[in-house]
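Below: the structure, in structure tokens.
Read-outs throughout are calculated quantities, based only on the coordinates presented, and are distinct from any laboratory measurement. For clarity, every value in this text was computed on a predicted model and none was experimentally measured. Glycine gets a Cβ as well: all are built from the backbone with ideal geometry, and neighbour counts include every protein chain shown.
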Amino acid sequence: MKIVRYYELGGPEVLQIEDASIPRPEAEQLLIKVEAIDVGYIDTQVRNSTTWGIPSFPVMPGGYVYGTVVQIGSGVEGVHEGEHVLGFAPSGAYAEYALVPLALRFHPLPALSLTPEELVTLPVSGETAYHLLATPTLLHPGERILIHAAAGGIGHLAIQLAREMGAGQIIATASSAAKLAFAQSLGADTLINYTEPDWTRQVKQATEGKGVDVILDMIGGQILIESLSLLAPFGRLISYGAVSGTIPALPSESLTGLMMGLKRLEGFSLMTLMQQRPDLIAQGRQAFWHYVEQGKVRPHITRTFALGEVAEAHRLLESRASYGKIVLRP
């Protein structure tokens, strides 16, 4: 079979397509013939930086996969060969065959009219978008929300969810006219290019000087600092990434503004929530997938790449020229 490995940190060029033996499932594992692989921006960060720890080489990227069970390990009950499965492969997800622990199988698999490419993107991007709005934030009907990188894999789903949760005004920011048009097609009310020097003035003007109640930010850097000034009293900014490459130190005036305005700056990690509050994960999963089942939220697949085009897929992600989701299909 074909599998993606890399032996050093670096750009997309370090990703190598290699031949390997099809793995055998051990106890409580499923061997999946892969049909679709979720690719996220975090995959490029792990490949390129020690921020997420120093890996043991070779690295075989993990992630969510969708496919058909071709072999089961000992101790597996309730799963049969030939069954379609969505699950998380901790290692070796970028491959034609992958091992998924039974405990990391997505179950029950919803009966939806989604393609394999659409389905495989939802456990991470979709559930992250839901929890950003429902768990630390608790978006209330009528509130104003600003979503940075609104055309991205998580942002484009957050727009749809915010609309269904009754947001009073959805302000979408992105770095190009094409991305903003995409965000508008999903339900954004106000469109702002955050690369323009007066973008904060545009937000204040759009909110009649009142500011926004909720901000979702995965850019970090100076954008995060400037965003704090846009929060209305009791406003909440949720930081869940730093694609700019920088998590900034907050100036004293920003901290004073948070305190005096009864505002909050919070971090979010889906992985930490899974580890610390599985009860919230279970509740959120049920609520999020209900929106999907009703057809109110749907992922947009920008491009599907063959496994051999994995470097090109990573380059597109890092260029930040894409919108929606990117998927590998062996």
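Listing for the model above:
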quantity	calculated
Neighbour-count order for W289, W199, W52, fewest beta carbons within 10 angstrom listed first	W52, W199, W289
Length added when fully stretched, S113-M259, from 0.36 nm per residue minus Cα-Cα	47.9 nm
Ordering of 210-217, 242-249, 172-179 by packing [mean C-beta count within 10 Å, highest first]	210-217, 172-179, 242-249
Cβ-based exposure ranking for S49, S56, in which fewest neighbours within 10 Å come first	S56, S49
CD proxy at 222 nm, helix term only [per DSSP H run n ≥ 4: -39500 (n - 2.57); per residue of the chain; nearest 500]	-8500 deg cm²/dmol
Charge dipole (the stretch 103-185, unit charges on Cβ, about Cα centre) - positive-most of T173, V124, H107	T173
Sorted largest first, extent of the stretch 62-202 alpha carbons per principal axis (Å)	61, 29, 26
Value of D in µm² per second that Stokes-Einstein yields for the chain, Kirkwood Rh from Cα pairs, at 10 °C (1.306 mPa s)	77 µm²/s
Three semi-axes of the equivalent ellipsoid, the stretch 247-313, Cα gyration tensor, whole Å, largest first	34, 23, 15
Label point distance in nm, W199-E13, each placed 7 Å from Cα along Cα→Cβ	3.0 nm
Equivalent ellipsoid, the stretch 136-267 (semi-axes from 5 times Cα gyration tensor eigenvalues, Å)	21, 17, 14
Cross-link partners of K210 among aspartates and glutamates (Cα-Cα below 18 Å; sequence separation of 8 or more within a chain)	E143, D189, D198, E226
Set of lysines near K179 by C-alpha distance (under 17 Å), chain-local residues within fewer than 8 positions excluded	K325
Alpha carbon centroid spacing (whole Å) that separates the stretch 104-140 from the stretch 1-38	24 Å
Cβ-derived FRET efficiency at R0 41 Å, T68 paired with L138, nearest 0.05	0.55
Charge dipole of the chain about the Cα centre (unit charges at C-beta), most positive-ward option of S56, V76, P299	P299
Gyration tensor verdict on the stretch 48-129 (Cα atoms; rounded if a/c is under 1.5, prolate if a/b is larger than b/c, oblate otherwise)	oblate
Relative exposure of V70, V65, judged by other C-beta atoms within 10 Å (fewest first)	V70, V65
